[in-house]
1. Mind giving me the nanometre distance, one decimal, between the label points for residue 115 and residue 39, set 7 Å out from Cα along Cα→Cβ?
2. Using the Karplus equation 6.51 cos²θ - 1.76 cosθ + 1.60 (θ = phi - 60°), what ³J(HN,Hα) coupling, rounded to whole Hz, does each residue of region 29-42 give in order, writing x for Gly and Pro?
3. Please work out how much length the chain gains when fully extended from residue 51 to residue 79, using 0.36 nm per residue of separation minus the C-alpha to C-alpha distance, in nm with one decimal.
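What follows draws every value from the coordinates through simple rules; no lab data is involved. Because the structure is predicted, anything quoted here is derived from the model rather than measured. Methodologically, a virtual Cβ is constructed for each residue, glycine included, from the backbone with ideal geometry; neighbour enumeration extends over all protein chains shown.
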Amino acid sequence: MIGLPSFPDNLLYMPSERLQKIIAAAGIASRRAAEKLITGGAVSVNGQIVTELGTKADIERDHIRVNGKLLHGAERHIYLLMNKPKGYVTTVHDPEGRPTVMDLLRGIRTRVYPVGPRQNQADS
């Protein structure tokens, strides 16, 4: 009978990742904003506050908290394809006050990242 090969424990799980990448994947903040959270002392790993950039952790094994809130892993992505109506711009907020695609997506309870042509000229 042939047995299965044995592997060290460190080969059976995903390798550690930088904290700012884990925080960004969880939808808490962008990587740059996550760096500020880390250096500002708002992030802890297994009860220890971490302020050094480049610190690595494993979301499956470590208890990572941001502002005291436990992270539960990467946020789930949902992709929506939409033909935006003429006159709308593809952005979260328009400083010129034009209608945005976000106005059409009211009631969605997840973070939305609009992607596509922003200007009204794309409507022509």
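1. That separation, rounded to one decimal, is 2.9 nm.
2. Computed from phi, the couplings for region 29-42 are 6, 5, 4, 5, 5, 5, 4, 5, 4, 5, 5, x, x, 8 Hz.
3. 6.7 nm
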